[in-house]
Amino acid sequence: MKRFARSRLFNVLIVVLFLVATSLVLVFLLRSPERLGEESETEAEAEKTEEAAELGIKLQGMIVRGWDGDLLKWLLEAPQAQLDKSITRMRCEGGVLVSVFDETGSLRSTIRAGEAELDLVEDVFSFKGSVEAESASGDRLFGEELVYYPDEEKVVAQSLVRVLFDHNSIESKGLVSDIDFERPEFLEVVSGRFQIGN
């Protein structure tokens with residue numbers, strides 16, 4: 001009889017443990033999507049807050065000068081900018097103008113764009129949104145993106161650009177050139193118009 005009672009008690013315990021385990025699994029499964037959604041929203045908010053903290057120093061009427069010893073190499077002007085706390089990255093908005101100078105201090109070229117992202121450590125300027133670059137000789141480039149490397153004095157575009165020079169026009173998907181557009185390398189010419197002679 002004791003053996004039968006123990007066996008019955010053992011079976012009841014197994015059933016109770018099974019029911020408890022099943023209940024816990026069901027509760028977990030029913031609550032997981034809500035919690036995952038909450039965690040995803042919380043993570044997204046944390047990332048936004050972290051990015052805002054990284055680019056947390058807001059500046060108005062920004063002017064930045066790039067020097068090579070005593071020589072002014074470039075001058076950047078932007079109405080609005082955000083600088084990260086480590087002062088290594090800057091995002092400019094509301095229209096950006098970069099003026100590039102030669103070794104005599106004369107204006108060599110200008111680059112205008114809707115916005116720019118500057119890596120101040122690697123010395124790389126990425127321009128976006130209605131980019132227009134113009135050399136002192138009047139050669140002009142139009143595109144939606146352009147990367148300027150001040151140390152190498154060159155510009156690179158991966159997307160479609162249009163270059164106007166000496167009454168000629170070339171459209172190309174991609175370009176690598178010096179900042180004056182005197183030695184451009186068109187990566188994939190799409191169309192062109194050339195005027196020969198006067």
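The values are calculated or read from the model by the stated rules, or taken from the named source; none is laboratory data. Being a predicted model, the structure only gives us computed values, none of them experimental. Every residue, glycine as well, gets a Cβ built from its backbone with ideal geometry; the counts of neighbours run over all protein chains shown. In case anyone asks, the SASA skips ligands and DNA or RNA and just uses the protein heavy atoms, side chains included. Shrake-Rupley method; radii C 1.70, N 1.55, O 1.52, S 1.80 Å.
Observations
- Here the accessible area of region 146-196 is 47 percent carbon and sulfur, with a 1.4 angstrom probe and all protein chains present.
- Contour excess over end-to-end distance, with Cα ends at residue 124 and residue 190 and 0.36 nm allotted per residue: 21.0 nm
- The GluC sites (Glu not before Pro) of region 92-198 that meet both conditions, a loop assignment by DSSP and at most 12 other Cβ atoms within 10 Å of the site Cβ, are 103, 122, 152, 182, 188.
- Cα gyration tensor shape of region 133-198, rounded if a/c is under 1.5, else prolate or oblate by comparing a/b with b/c: oblate
- Residues residue 65 and residue 173, FRET efficiency given R0 of 41 Å [Cβ-Cβ distance, rounded to 0.05]: 0.75
- Chymotrypsin sites (Phe, Trp or Tyr not before Pro) within region 136-198, DSSP loop, no more than 13 other Cβ atoms inside 10 Å: 194
- 1.4 Å probe accessible area per residue over region 49-198, in Å²: 56 Å²
- Rounded, prolate or oblate (a/c below 1.5 giving rounded, otherwise prolate when a/b exceeds b/c) for region 56-189 by Cα gyration tensor: prolate
- Part-to-part distance (alpha-carbon centres) for region 63-136 and region 144-163, which is given in Å: 13 Å
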